[in-house]
Amino acid sequence: MSSMKTVILAAGQGKRLKPLTETKPKVMLPIANMPILEHVLLNAKSAGMKDFVFVVSYHKETVTDYFKDGKDWNVNIEYVTQNRPLGTAHAIGSIENIVSNRFIVLSGDTIVSTKDIRKIAKAKKTTMGTKEVDNPWEYGVVELQKDNVVKIHEKIKEPPTNLINTGIYCFDQTIFKAINKTQKSKRFEFEITDSLEWLIKNNGPLKSQHIEECIDVSRPWELLSANAFLLDKIAKSKINGEVESRATVHGNVIVGKNTKILNGTYIEGPVVIGENCKIGPNAYIRPNTSIGNNCHIGAATEIKNSVIMDNSNMPHHNYIGDSVIGQNCNLGSGTKIANLRLDKKNITVSFQGEKINTGMRKLGAIIGDNVQTGINATINAGTIIGNNVFIGPGAIVQGEIADNGKVL
């Protein structure tokens, strides 16, 4: 199995995850303090895969600079650049001269378990990973006869089944013939689902392989549930930093090198904290929180069920609940983020020009990179703040704030 190549599609931006993907591709967003793509790589490695091809494009340097040739992970990584975003079929077609015989394709933004990858890699014929979901209309829906895929529908309003295409495949060389026959779709892209439809018509049904565990983040707030799911897998604490004698660490907590947990701080796992951080004194870190590298969480600051990215600071009297905070942010003393409506109804957000019911009863803010707030700023539940935004002292913020905006 290890001689098979694993192709990971990592070229897309992830437009539905703005503002978080303005400065990095979706695959490099951190979950449990690790890029999504790294979770995909490690699970594939655990399944016995050693030779990888990353198809990159948007902000590709953030991927190549991080993973390099793969030696730090004891794998081999080579890169193919998809110069223009012309769809998944075009991306897979770009590696025709690199792979031989069978190979597997994974999505760099979809975390599939080691067990599921192992099952896909054992497939003897062209195979699609499928899974039942509650919201199939947001995905490509498949129809089966026994264990065979006989029809694929791309994001239709009234899907005939709740079985979706997970974007995980085992292919042989016949896929390239199908890709060469594929025409541009209505989105002016070469879709791999159209290539698969050609294969079904000309070569017969595809094999379906049930995928048990599949984490896909399509909206910014979905990082929170994915983060909680992965943090729950922490088996035991690992403290590589310094915990002062009157600080309390309870449950499964990971603390990185050169991080100091100062006296009076209380941490309830599962929590992961990166390297070179200063936590406390008298901070309260609640479960399902990830804090990146070089962060300062200071006196009387409480963080709950949140993702805090690298180089961000909440140093004085802050409350951050159910929120995603980008890189290089600084919240002024007394800045608070609300995460619950007074009427306790689900949080609705204004996102890219539309109102979306998140289905979440608790949701704080989604904040991009390089955001600064003044003292005593108030951020209402469900607020989305773009990159490079300045929020003045005492300001009340709600709705959607565009990149480079000011709220005074």
Q) strands (runs of 3 or more DSSP E) wholly in the stretch 210-285 with at least 2 residues that are over 22 Å from the mean Cα position of the chain (by Cα), β-branched (Val, Ile, Thr) and farther than 30 Å from Asn162 by Cα - which ones? A) 248-250
Q.
Condition first: surrounded by fewer than 20 Cβ atoms within 10 Å (Cβ to Cβ) and in contact with a Phe, Trp or Tyr (Cβ under 7 Å, 6 or more places away or on another chain). Can you find one or more residues in the stretch 235-244 that meet it?
A. no
**Q.** Inter-residue pairs, beta-carbon under 8 Å, first closer than 19 Å to Gln173 by Cβ and in the stretch 185-214, second outside any strand (DSSP E or B) and among the charged types (D, E, K, R), 6+ apart
**A.** Phe190/Lys184; Ser195/Lys181; Trp198/Lys181; Leu206/Lys125; Lys207/Lys125; Lys207/Asp147
Q: Residue by residue through the stretch 37-70, note down the ones that are in contact (Cβ under 8 Å) with a residue 60 or more places away in the chain and over 13 Å from Gly12 (Cα atoms).
A: His39, Val40, Asn43, Ala44, Ser46, Ala47, Gly48, Met49
Q. Does Thr88 satisfy being out of contact with any helix residue (DSSP H, G or I) (no Cβ under 8 Å at 6 or more places or on another chain), of a type in the set (S, T, N, Q) and in the same structural domain as Met28 (by TED's automatic domain parsing)?
A. no
Q. So which pairs qualify, if the first residue must be in the stretch 157-177 and closer than 15 Å to Leu206 by Cβ, the second must be in a loop (DSSP other than H, G, I, E, B) and hydrophobic (A, V, I, L, M, F, W, C), the Cβ gap must be under 6 Å, and the two must be at least 6 apart or on different chains?
A. Ile164/Val133; Thr166/Ile211; Cys170/Ala123
Q.
Looking at (1) within 22 Å of Ile36 (Cβ to Cβ); (2) over 19 Å from the mean Cα position of the chain (by Cα); (3) surrounded by fewer than 23 Cβ atoms within 10 Å (Cβ to Cβ), which one does Ile303 not meet, given that it meets all the others?
A. (3)
Q.
Being closer than 19 Å to Ser225 by Cβ and in contact with a Gly (Cβ under 6 Å, 6 or more places away or on another chain) is the filter here; which residues of the stretch 309-341 pass it?
A. Met309, Gly321, Asp322, Ser323, Gly326, Ile337, Asn339
Q.
For the list (1) over 30 Å from Pro19 (Cβ atoms); (2) surrounded by fewer than 19 Cβ atoms within 10 Å (Cβ to Cβ); (3) at pLDDT 95 or above, I need the number of the one condition that Glu268 fails.
A. (1)
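Mind checking which helices (runs of 4 or more DSSP H) fall wholly inside the stretch 1-93 and carry at least 3 residues that are of a type in the set (A, V, I, L, M) and out of contact with any strand residue (DSSP E or B) (no Cβ under 6 Å at 6 or more places or on another chain)? Outline the logic, then answer.
Working: elements: 36-46, 60-67, 88-93.
The helices (runs of 4 or more DSSP H) meeting that bar are 36-46.
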Q: Just one of (1) β-branched (Val, Ile, Thr); (2) surrounded by 19 or more Cβ atoms within 10 Å (Cβ to Cβ); (3) under 18 Å from Ala121 (Cβ atoms) trips up Val27, so point out which.
A: (3)
**Q.** Of all residues in the stretch 184-225 being aromatic (Phe, Trp, Tyr) and buried (at least 18 other Cβ atoms within 10 Å of the Cβ), the one that is farthest from Lys26 (Cα to Cα)
**A.** Trp198
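Taking the residues in the stretch 116-137 that are under 25 Å from the mean Cα position of the chain (by Cα), at pLDDT 80 or above and of a type in the set (A, V, I, L, M, F, W, C) as candidates, determine which candidate is surrounded by the most Cβ atoms within 10 Å (Cβ to Cβ).
Here is the first cut: in the stretch 116-137, the ones under 25 Å from the mean Cα position of the chain (by Cα) are 116-121, 127-137.
Still in the running and at pLDDT 80 or above: 116-121, 127-133.
Restricting the remaining residues to those that are of a type in the set (A, V, I, L, M, F, W, C) gives 117, 120-121, 128, 133.
On the way: Ile117: 25, Ile120: 24, Ala121: 20, Met128: 27, Val133: 15.
Step by step, filter the stretch 116-137, then rank; the result is Met128.
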Q: Could you tell me which residue of the stretch 164-183 is farthest from Lys115 (Cα to Cα), considering only residues that are buried (at least 24 other Cβ atoms within 10 Å of the Cβ) and aromatic (Phe, Trp, Tyr)?
A: Phe171
Q) Assuming Gln209 fulfils every condition listed in (1) in contact with a Ser or Thr (Cβ under 7 Å, 6 or more places away or on another chain); (2) not assigned by TED's automatic domain parsing to the domain that holds Ile31 apart from one, which condition is it? A) (2)
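Consider Ile92 carefully, then state whether it is at pLDDT 90 or above, touching an Asp or Glu at 6+ places or on another chain (Cβ under 9 Å), under 24 Å from Val217 (Cα atoms) and among the hydrophobic types (A, V, I, L, M, F, W, C).
Working: at pLDDT 90 or above: yes; touching an Asp or Glu at 6+ places or on another chain (Cβ under 9 Å): no; under 24 Å from Val217 (Cα atoms): yes; among the hydrophobic types (A, V, I, L, M, F, W, C): yes.
When the stated conditions are applied, Ile92 does not pass them.
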**Q.** Residue count, the stretch 138-159 (criterion: part of a loop (DSSP other than H, G, I, E, B) and either modelled with pLDDT of 75 or more or not assigned by TED's automatic domain parsing to the domain that holds Pro205 (or both))
**A.** 2
Q: State whether one or more residues within the stretch 341-356 are closer than 26 Å to Ala299 by Cα and either buried (at least 16 other Cβ atoms within 10 Å of the Cβ) or in contact with a helix residue (DSSP H, G or I) (Cβ under 9 Å, 6 or more places away or on another chain) (or both).
A: no
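How many residues does the stretch 125-156 hold that are among the charged types (D, E, K, R) and without any contact (Cβ under 8 Å) to a residue 60 or more places away in the chain? Break it down stepwise before answering.
Narrowing the stretch 125-156 to residues among the charged types (D, E, K, R): 125, 131-132, 134, 138, 143, 146-147, 151, 154-155.
Then keep just the ones that are without any contact (Cβ under 8 Å) to a residue 60 or more places away in the chain; that gives 132, 134, 143, 146, 151, 154-155.
Total satisfying the criteria: 7.
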Q) Restricting to strands (runs of 3 or more DSSP E) lying wholly in the stretch 336-408: which have 3 or more residues that are within 21 Å of the chain's Cα centre (by Cα) and closer than 24 Å to Lys15 by Cα? A) 348-351, 365-367, 383-385
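The values are calculated or read from the model by the stated rules, or taken from the named source; none is laboratory data. Bear in mind the structure is a predicted one, so any value in this text is a computation, not a measurement. So basically every Cβ, Gly included, is an ideal-geometry build from the backbone, and we count neighbours across all protein chains shown.
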